[in-house]
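Asks: The following block contains the structure, expressed as structure tokens.
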Amino acid sequence: MSRFRSVLLFCICWARLHSEPASQSLSIMPLPAHVTLAPGRLPLNSGFTVRLTGYTEPRLARAAARMISRLEKQTGHSFASTGPATLTISCERTGAPIQSLGEEESYHLEITPSGARLTAPQPLGALRGIETILQLVRPGPEGFALPALTIDDQPRFPWRGLSYDVSRHFMPLDQIKRTLDGMAAVKLNVFHLHLSDNQGFRIESKIYPNLQKLGSGGLYYTQAQIRDIVAYARDRGIRVVPEIDLPGHATAILVAYPELAVSPAPVEIDHVYGVLDPVLDPTKPGVYLFLDRLIGEMASLFPDAYFHIGGDEVNGRLWRESAEIAAFKQAHHLLPTPQDPDANDALQAMFNRRLEPILAKHGKQMEGWDEILAPGVPKNIVIQSWRGQKSLADAARLGYRGILSSGYYLDLALPASEHYLIDPLDGEANTLTPEEQKRILGGEAAMWSEWVTPETMDSRLWPRAAVVAERFWSPRAVRDVPDMYRRMYILSRQLEWLGLTHQSWNNPMLQRLAGPNDVEPLRILGEAVEPVKHYDRDRFGPYTTESPFNEFVDAVSPESEDSLRLSAGVTEALQTHNWDLVRAQLTLWRENGVRVAPLCKDNALLSGVDLLSRNTSELAAVGLDSIQAIETENKRNPEWKLSNLARIKSLEEPSAALMPAFSGVITVLVNAAAN
Ligand code: ACM
């Protein structure tokens, strides 16, 4: 019954958000640069054949084979392998032997009722076009089909990445691969692997085996697995940029090789999170010898031209407290300034200046978080800005290339719309000259893994990573938020078909939490609430790498689709005066309170969920009361309004690291009931 109501609400209230307008934008993500729709459809039946023409290579043949297998899975057909081609994929020339920044990714796609043609100057464009085709499949009057159209497409930014933290929580190989599949589906092209941090060093070194022996808790990628990841990514048009975070965030390295540390060296990898003390000693020549050999070894595993050295959040305490380091600073004229009273920034800048030629020697350009931007660092480095748009603009003004990650931290459980509306060229970047703006290469969504496990990772990443991908790929003017959500939820299903688990991960979790009881009340509650935002999850801890992350909050999506739908439903009902569906949803939520209560009794795993559930139920009741006033045109007085607004404030207080997701909608209803 509840599902049925939910589905009804989906179908009707969200008509504008969820239907596919025939003549407007396509329901794909990222939206292409230019689309012309035409009448008719190309059937996808068992007679469908695909042929590669022009320049070809094994990577393209594999991409075509993958496409066919995904289309077969999507349609249930087995396609013919002989006969005249329905779809030809044609490439003009070879791509770079190692995928390069800015390599041609454009493609041209023409679909008519009698056939389709995908052409691209180079293989990357063909890969991007194939993903577009896969998103276009729809059921129709004659079965599955592709719409007739012409697309001319190319990316807005050449660097469209995902930073993926495997240090705080290690992610297994199959999870990495499905992440790469998801990235390819939305045309992301850089997989930035955050391989080392305080909590783990996650890649095998044959030269320095203590790194994985003592620094990983046994959870690391072998060199063979890394080669597999790099090859898998290349097949999908994705560069892999490794990050070894230096000189802070380095406990795992220093546990393995304590002689590189400022004493006291740490004795075990950290299980807690934060900006911790352990730090390399940049005054020791042995540190540079170590890094030369390690980076040389890593450089041979990652063919990409860029190598990320981290550089973020050096707390400087041990540098500040060391007499030897103080003497070194003196001797090397690393002097205090008002902005840098301990001369620690100057010391880190010196470290980076010494690191850069080591990277160059191994054929790598240096990339780092925005802290690495300091006087005297060579102009060929790339700055990844996490501290704000200003640092990116500052870097560009000084002649440095950069990418934006500030605003794209997916681990903070923020709404997709918030990430979507941030543009690498907004804010300070608006004041740059066109020449300076060109130095902004794009951006990276970031997924830090303090609060995720392999079980929950996908749900934090998808589908919201797709809207950041659209920001980097599609024309700047593509900013329609309701249309973004409409397309994001369509794409979201397709990402599940690829093997990502962001829609299904919570079934087993909710079942575990419910024990032998009916799981439905928890599911309904889970769809009405959202995790707390930003870093507020920490207030419900303490959390460490050892925490199980098996709480109710871990089984709840960062963003409530039902609440978005409710919001659209209210907007519609205020115009149509038909409140039936909004009332149905709020009634379901109001009545769910008494169903959740018995599940929480004597269940420590659901501690705090009872209060959350009661608040959610009561919030729905405030909404229903407001609807009654609106419908009967029985305007409520200002005291009623004030007391209900105050009530909403207290009901939206987080409990169990969750809060009702629809308090904004209830505020609209209360205001409408009183005005
Ligand atoms: C960062 O978030 N410390 C890069």
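Asks: Mind listing whichever residues of the stretch 587-621 are over 19 Å from SER663 (Cβ atoms) and assigned to a helix (DSSP H, G or I)?
Replies: Those that are over 19 Å from SER663 (Cβ atoms) and assigned to a helix (DSSP H, G or I): VAL594, ARG595, ALA597, PRO598, LEU599, CYS600, ALA604, LEU605, LEU606.
Asks: Of all the residues that make up the stretch 46-81, how many are in contact with a Ser or Thr (Cβ under 8 Å, 6 or more places away or on another chain) and part of a helix (DSSP H, G or I)?
Replies: Pass one, the stretch 46-81, residues in contact with a Ser or Thr (Cβ under 8 Å, 6 or more places away or on another chain): 46-55, 57, 72, 77-81.
If we keep only those that are part of a helix (DSSP H, G or I) as well, we get 72.
Count: 1.
Asks: Applying the selection to the stretch 366-393, what residues are surrounded by fewer than 18 Cβ atoms within 10 Å (Cβ to Cβ) and not aliphatic (A, V, I, L, M)? Outline the logic, then answer.
Replies: Of the residues in the stretch 366-393, the ones surrounded by fewer than 18 Cβ atoms within 10 Å (Cβ to Cβ) are 374-376, 378-380, 387-388, 390.
Selection gives PRO375, GLY376, PRO378, LYS379, ASN380, ARG387, GLY388, LYS390.
Asks: List every residue pair whose Cβ atoms sit under 9 Å apart, with the two residues 6 or more apart in sequence or on different chains, where the first one lies in the stretch 339-363 and is within 15 Å of TYR306 (Cβ to Cβ) and the second, anywhere, is of a type in the set (S, T, N, Q) and part of a helix (DSSP H, G or I).
Replies: Matching pairs, first to second residue: HIS362/SER300.
Asks: Moving on. Show the residue pairs meeting these rules: Cβ distance below 7 Å; 6+ apart or different chains; first residue within the stretch 371-389 and within 15 Å of PHE307 (Cα to Cα) and in contact (Cβ under 8 Å) with a residue 40 or more places away in the chain; second residue part of a loop (DSSP other than H, G, I, E, B) and within 13 Å of the ligand (Cβ to nearest atom).
Replies: Cβ pairs passing all conditions: ILE372/GLY311; GLN384/SER405.
Asks: Does at least one position in the stretch 526-540 carry a residue that is acidic (Asp, Glu) and touching a helix residue (DSSP H, G or I) at 6+ places or on another chain (Cβ under 6 Å)?
Replies: Applying the first criterion (acidic (Asp, Glu)) to the stretch 526-540 yields 527, 530, 536, 538.
Applying the additional criterion that residues be touching a helix residue (DSSP H, G or I) at 6+ places or on another chain (Cβ under 6 Å) yields 527.
Yes - at least one qualifying residue is present in the stretch 526-540.
Asks: Taking the residues in the stretch 272-314 that are within 16 Å of the ligand (Cβ to nearest atom), in a loop (DSSP other than H, G, I, E, B) and β-branched (Val, Ile, Thr) as candidates, determine which candidate is farthest from the chain's Cα centre (by Cα).
Replies: VAL279
Asks: Name the residue, out of ASP197, ASP174, ASP153, that is of a type in the set (Asp, Glu), surrounded by fewer than 24 Cβ atoms within 10 Å (Cβ to Cβ) and touching a strand residue (DSSP E or B) at 6+ places or on another chain (Cβ under 9 Å). Break it down into steps so the answer makes sense when it comes.
Replies: On the way: ASP197 fails: surrounded by fewer than 24 Cβ atoms within 10 Å (Cβ to Cβ); ASP174 fails: touching a strand residue (DSSP E or B) at 6+ places or on another chain (Cβ under 9 Å).
ASP153 is the lone residue from the list that is of a type in the set (Asp, Glu), surrounded by fewer than 24 Cβ atoms within 10 Å (Cβ to Cβ) and touching a strand residue (DSSP E or B) at 6+ places or on another chain (Cβ under 9 Å).
Asks: For the stretch 248-270, how many residues are in a loop (DSSP other than H, G, I, E, B) and surrounded by 16 or more Cβ atoms within 10 Å (Cβ to Cβ)?
Replies: As a first pass, look at the stretch 248-270 and keep what is in a loop (DSSP other than H, G, I, E, B): 248-250, 257, 262-270.
Retained after the next criterion (residues that are surrounded by 16 or more Cβ atoms within 10 Å (Cβ to Cβ)): 248-250, 257, 262, 265-266, 269-270.
Result for the stretch 248-270: 9.
Asks: Return yes when ASN352 is farther than 30 Å from HIS534 by Cα, of a type outside the set (Val, Ile, Thr) and within 16 Å of the ligand (Cβ to nearest atom) and no when it is not.
Replies: Numbers: farther than 30 Å from HIS534 by Cα: yes; of a type outside the set (Val, Ile, Thr): yes; within 16 Å of the ligand (Cβ to nearest atom): yes.
Criteria met by ASN352.
Asks: Here is a further query. Are any residues in the stretch 86-102 within 10 Å of PRO123 (Cα to Cα) and outside any strand (DSSP E or B), and if so, which ones?
Replies: Those that are within 10 Å of PRO123 (Cα to Cα) and outside any strand (DSSP E or B): GLU92, ARG93, THR94, GLY95, ALA96.
Asks: Residues in the stretch 388-409 that are out of contact with any Leu (no Cβ under 8 Å at 6 or more places or on another chain) and assigned to a strand (DSSP E or B): how many?
Replies: The initial filter retains those residues of the stretch 388-409 that are out of contact with any Leu (no Cβ under 8 Å at 6 or more places or on another chain), namely 388, 390, 399, 405, 407-409.
Within this subset, residues satisfying the condition of being assigned to a strand (DSSP E or B) are 409.
Of the residues in the stretch 388-409, 1 are out of contact with any Leu (no Cβ under 8 Å at 6 or more places or on another chain) and assigned to a strand (DSSP E or B).
Asks: Continuing with this model, one more query. Taking the stretch 526-550 on its own, how many of its residues are of a type outside the set (D, E, K, R) and under 24 Å from SER617 (Cβ atoms)? Step through it out loud before you land on a result.
Replies: Taking the stretch 526-550 first, the residues of a type outside the set (D, E, K, R) are 526, 528-529, 531-532, 534-535, 540-545, 547-550.
Then keep just the ones that are under 24 Å from SER617 (Cβ atoms); that gives 526, 528-529, 531-532, 540.
Residues in the stretch 526-550 being of a type outside the set (D, E, K, R) and under 24 Å from SER617 (Cβ atoms): 6 in total.
Asks: Name the single residue that is surrounded by the fewest Cβ atoms within 10 Å (Cβ to Cβ) among those in the stretch 629-675 being among the hydroxyl-bearing types (Ser, Thr, Tyr) and assigned to a helix (DSSP H, G or I).
Replies: Here is the first cut: in the stretch 629-675, the ones among the hydroxyl-bearing types (Ser, Thr, Tyr) are 632, 643, 650, 655, 663, 667.
From what is left, the residues that are assigned to a helix (DSSP H, G or I) are 643, 650, 663, 667.
Details: SER643: 12, SER650: 10, SER663: 20, THR667: 18.
This residue is SER650.
Asks: Which residues, counting only those in the stretch 366-384, are part of a strand (DSSP E or B) and among the charged types (D, E, K, R)?
Replies: GLU367
Asks: Taking the stretch 398-409 as the region of interest, how many residues are surrounded by fewer than 22 Cβ atoms within 10 Å (Cβ to Cβ) and within 12 Å of the ligand (Cβ to nearest atom)?
Replies: 2
Asks: If you don't mind, there's one more thing I want to ask. Just checking: which of the helices (runs of 4 or more DSSP H) contained wholly in the stretch 410-515 hold 2 or more residues that are crowded, with 24+ Cβ neighbours inside 10 Å?
Replies: Values: elements: 416-420, 434-437, 454-461, 464-473, 481-497, 506-514.
Fully inside the stretch 410-515 and qualifying: 454-461, 464-473, 481-497.
Read-outs throughout are calculated quantities, based only on the coordinates presented, and are distinct from any laboratory measurement. Keep in mind it's a predicted model, so treat the numbers as computed, not measured. We place every Cβ from the backbone using ideal geometry, glycine too, and count neighbours over all the protein chains shown.
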